[in-house]
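Just so it is clear, none of the values below were taken in a lab; they were calculated from the coordinates. Small disclaimer: the values here were computed from a predicted structure and weren't measured. FYI the Cβ positions are ideal-geometry reconstructions off the backbone, even for glycines, and counts take in every protein chain you see.
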Amino acid sequence: MVHPFPLARACSRLLSIFLIILAASFSVQARAQEREPVRIGFMDPLSGPFASIGSSGLTVLEFTADYLFNSRGGILGGRMIEIVPLDNMQSPTETQIQFRRAVSEGLRIIFQGNSSAVANALNTAVTRHNRRNPGQEILQLNYSAVDPILTEENCSFWHFRFDAHAVMKLNVLTDFIARNEDIQRMYIIGQDYSFGHVVAETSERLLREKRPDIEIVGNEFHPIGQVKDFTPYVTKIVASNADAVITGNFGADMVSLARSIIDSGLDIPIYTFYAAYDGITATLGADGKNRIRLVHNDSANPIPTGERKQFYRDFKTAHPDRDVTQPRLAMALSMLVQAMEQTGGTDPYELALALEDMRFTTLSGEEVWMRGSDHQIFQDLHVSVMTDENIEFDADNSGFGLYTEHFVPAEQTVMETSCEMRRPQR
Amino acid sequence: MPEVLVFATLNGLVTGLLLFMLASGLTVIFSMMGVLNFAHASFYMLGAYFAYSISLYFGYWTGLILAPLIVGVLGALVERYGLRRVHQHGHVAELVFTFGLAFLIEEAVQFFWGQDTKNYQTPDLLDFPLFTLFGQEFSAYRGFMLAISIGIFIGLYQVLTRSRVGLIIQAAISHPHMVANLGHNVPLIFTAVFGIGTALAGLAGVIAGPVLTTFPGMALVLGSIVFVIVVIGGLGSLPGALIASLLIGLLQSYAIAANVGMPELLELLGLEFPRSHPLDDLWTLNLAQIAPILPFLLLVLVLIFRPTGLMGKREQ
């Protein structure tokens, strides 16, 4: 038997097949949308002389993403967070290349922390890109570059800093130093780049205000990551009869400097920003006890809440050789996720608006505030000493760690800003 | 000021002689094979890391002996199974080979030992101040570094100039074909020289590791400066390498110690610039700030005025 309308039948068959394919593709697309991860760039040195700092930051960020969000069903109704590492070797030039890569891979949010010179370069690149590509904006989340210029003259709507800037930290540090009557002669030494210069100028200015009797007996710069042996510098420190040292050095420059000071038999306190973790604490060991002091956020010992203690213990189980070197990464990511949940998406413009003036309670139970006018965070600051007494959470599995000696609540760290932000119109 | 001068000299000597240990191997290898070994400083790093790992189990002194041996054997293997095969493709291929090797070693070190600074300490035996001068200690370990470096120089010089082996090596450098025709195994000599050169670099790493810190960037920091020394001293010249090493060690050390710079120079010339001057950074520059860059400046000057280097004999 011949079908009365063979053509119509073929057509209807084709149509139904087409419809099925269409429906299937829609559902695949919908599922893909549902499962598509939120991709976040992490741009820091993952090779070269400063690789240890960058890679420990990456470990903390990846762990936080999995521990707080991915293992609990993801964010935005089931999407996972994927951290994309971008190795900028801590060079401003490489940063530009990695930034282009981030753009071409469609990353819209970039975490970056190491080196203010790099942060400044990235800030310029991001601001220019965002001006030229409306609708394709990129958000820069700075978790550790502390040159104040980033939230003052060069402040940008697209840049948020989740760490106290150098002047805020030095304000706390010099208050602490000023209380020590034994200190009469201060030596300042630092890396020859923007942050090092800020540390030198600000320390000198603040000490002169707070303790005019302290004499600045040295103010020295050395090229960053180039010095093999700090002994010649230490010779000058000894000759100056200094009884304390301030330095903003980090990485190998910090270890070598502290080692040379210790080896020369000079028994004076060293006030620092970054002299702990990533092998530094283990290398300095008993020689650094009661001698190294750091200004930082998030007390390392004692840890105030059980929640953060558990976070540290679980991190240690997953990465026995590493430490939570920069707890503010967990805070920054959590605030970002809160902004995403609030806006229901990942659009950088909306996220920036949600982050402005956000108040957030961290794992330590502290309330932090992201100021809207310059995108600078305010949180409690601590001055800690390197010791092996009362240390529950040590660094580098060395038995030594940081113990808080001095504490300043967030509201007392607030400083005025000269930021005149150019806010994009939408 | 005298204490600064004394210590600046001592520091300069320690750094200079340490650099010489690296440069001596590099310069001899260059004069033999005509190729700059870019991976030379990486062998220095390997020496430090091997010694660190050995010291964890058997103590510092075992590491001091074993680590350079391991590095030397590694170096010899690299020459025998790597460089020699690449050699037939010319110098450029060799250069690229050693360049790649440097990256490979750096990655391998990060892979096996991680990126953190390693807690490699001086041995307890030498953990005391050798002497205290003007309130500053000079550690016994630094004295030990000085002694080893001087010993190596004397030993190397004696072997190369006085012994039969040294004569054959010197002959192989200038007339490899003639030496081969006389029945000597020239490829074996090359392998041995490469092995010894890298072992010296390894030894430098072993003794420098505890004081200059052991971390994956240590090769990078020292690598460039070693090339500068070899070029300034004259490619292939051992005494030239010694002079250049000491020159650079002392130059850097004195430059850091000296409290002079552009402000003093301008004052001398009776010039003055306001702080807001566009070249303010230049007018306030001091010598200590640029000390680590000075060797490169010297390199440029030497290349302009004496391209063969201080003691170089090779006509390019």
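Tell me, what are the semi-axes, in whole angstrom and largest first, of the equivalent ellipsoid of region A:241-346 as set by the roots of 5 times the Cα gyration tensor eigenvalues? It would help to have the intermediate numbers written out before the result.
Values: eigenvalues 226, 50, 30 Å².
Equivalent-ellipsoid dimensions as semi-axes: 34, 16, 12 Å.
If you put +1 on each Lys and Arg Cβ and -1 on each Asp and Glu Cβ, how big is the dipole of region B:40-190 around its Cα centre, in Debye rounded to 20? Write down the numbers at each step before the final one.
On the way: 7 positive and 8 negative charges, 127 e Å.
The calculated dipole for region B:40-190 is roughly 600 debye.
For the protein assembly as shown, what is the charge dipole size about the Cα centre, in debye to the nearest 20, if Lys and Arg each add +1 at the Cβ and Asp and Glu each add -1 at the Cβ? Walk me through the intermediate numbers first.
Details: 49 positive and 69 negative charges, 583 e Å.
Its charge dipole is roughly 2800 debye.
As a check on your grasp of the helix formula, calculate [θ] at 222 nm for chain B: sum -39500 (n - 2.57) over DSSP H runs of n ≥ 4, divide by the residue count, round to the nearest 500. Please report the intermediate quantities before stating the final value.
Working: 15 runs with 228 residues, N = 316.
Calculated from helices alone, the mean residue ellipticity at 222 nm is -23500 deg cm²/dmol.
Consider all pairwise Cα distances in chain A and report the whole-number % of them above 40 Å. It would help to have the intermediate numbers written out before the result.
On the way: 19988 of 90525 pairs.
Beyond 40 Å sits 22 percent of the P(r) for chain A.
Using 1/(1 + (r/R0)^6) with R0 = 45 angstrom and r between the beta carbons of B:THR62 and A:GLU405, what's the FRET efficiency to the nearest 0.05? Show your work: numbers first, answer last.
Values: r = 41 Å, r/R0 = 0.91.
It comes to 0.65.
Rank-order B:124-135, A:256-267, B:92-103 by packing density, defined as the average count of other C-beta atoms within 10 Å over each peptide's residues, highest first.
A:256-267, B:92-103, B:124-135
If a/c stays under 1.5 just call it rounded; otherwise compare a/b with b/c (prolate if a/b is bigger, oblate if not). Do that for region A:211-256, with a ≥ b ≥ c from the square roots of the Cα gyration tensor eigenvalues. Please report the intermediate quantities before stating the final value.
On the way: a/c = 2.55, a/b = 1.74, b/c = 1.47.
Prolate is the answer for region A:211-256, as a/c is 1.5 or above and a/b outweighs b/c.
Looking at A:LEU351, A:TYR143, A:PRO45, which one has the Cα that reaches farthest to the positive end of the dipole of chain A (charges on Cβ: Lys, Arg +1; Asp, Glu -1)?
Of the candidates, A:LEU351 comes out farthest on the positive side.
In cubic angstrom, how much convex hull volume per residue do the alpha carbon atoms of region A:53-203 span? If you can, show how the numbers build up before the last one.
Numbers: hull volume 21.5 nm³, N = 151.
Hull volume over Cα atoms, normalised by residue count, gives 142 Å³.
Per-residue ellipticity at 222 nm for chain A, helices alone: DSSP H runs ≥ 4 residues times -39500 (n - 2.57), over residue total, nearest 500 deg cm²/dmol? Display every interim value, and only then the final one.
Numbers: 12 runs with 168 residues, N = 426.
Roughly -12500 deg cm²/dmol at 222 nm, from the helical runs in chain A.
So if I take the alpha carbon set of the protein assembly as shown, get Rg, then get Rh from the Kirkwood formula, what is the Rg over Rh ratio? Let's see the in-between values first.
On the way: Rg = 29.5 Å, Rh = 28.4 Å.
A ratio of 1.04.
Rounded to a whole number, what is D in µm²/s for region A:148-284 from Stokes-Einstein with the Kirkwood radius over alpha-carbon pairs (10 °C, 1.306 mPa s)? Mind showing how you got there, number by number?
Values: Rh = 15.6 Å.
Using the Kirkwood radius from Cα pairs, D works out to 102 µm²/s.
Could you pull out the GluC sites (Glu not before Pro) across region A:166-250 that fall in loop regions by DSSP (anything but H, G, I, E, B) with no more than 12 other Cβ atoms inside 10 Å?
Passing sites in region A:166-250 are A:GLU181.
Using the alpha carbons of region B:2-305, what is the convex hull volume per residue in cubic angstrom, as a whole number?
Spread over its residues, the Cα hull of region B:2-305 gives 175 Å³ apiece.
If all Cα-Cα distances of region B:106-221 are sorted into 5 Å bins from 0 onward, what percent lands in each bin, rounded to whole numbers?
2, 9, 14, 15, 13, 12, 12, 10, 7, 4, 1, 1, 0
Compactness ratio of region B:94-166: Cα Rg over 2.2 N^0.38 Å, N = residue count? Let's see the in-between values first.
Numbers: Rg = 19.2 Å, N = 73, 2.2 N^0.38 = 11.2 Å.
Normalised by 2.2 N^0.38 Å, the Cα Rg of region B:94-166 equals 1.71.
Among B:LEU242, B:PRO187, B:THR308, whose Cα lies farthest out toward the positive end of the dipole of chain B, if unit charges sit on the beta carbon of Lys, Arg (+1) and Asp, Glu (-1)?
B:PRO187
Which value, in nm² and rounded to one decimal, describes the direction-averaged projected area of the C-alpha convex hull of region B:177-299? Provide the component values of the computation, followed by the final result.
Numbers: hull surface 47.4 nm².
If I average the Cα hull's projected area over directions, I get 11.9 nm².
Nothing charged except the Cβ atoms of Lys and Arg (+1) and of Asp and Glu (-1): what's the magnitude of the dipole of region B:2-305 about its Cα centre? Round to the nearest 20 debye. Walk me through the numbers before you get to the answer.
Details: 8 positive and 14 negative charges, 245 e Å.
Result for region B:2-305 is approximately 1180 debye, rounded to the nearest 20.
Would region A:309-389 count as rounded, prolate or oblate if I go by the C-alpha gyration tensor, calling it rounded below 1.5 in a/c and otherwise prolate when a/b exceeds b/c, oblate otherwise?
Details: a/c = 2.92, a/b = 1.65, b/c = 1.77.
It is oblate, given that a/c is not under 1.5 and a/b is not larger than b/c.
Roughly how crowded by other chains is peptide A:41-52, in terms of the mean Cβ count from those chains within 10 Å of each of its Cβ atoms? Don't skip to the end; give the middle numbers.
Values: counts 0, 0, 0, 0, 2, 2, 7, 5, 8, 4, 8, 8.
Taking the mean over all residues of the peptide, I get 4.
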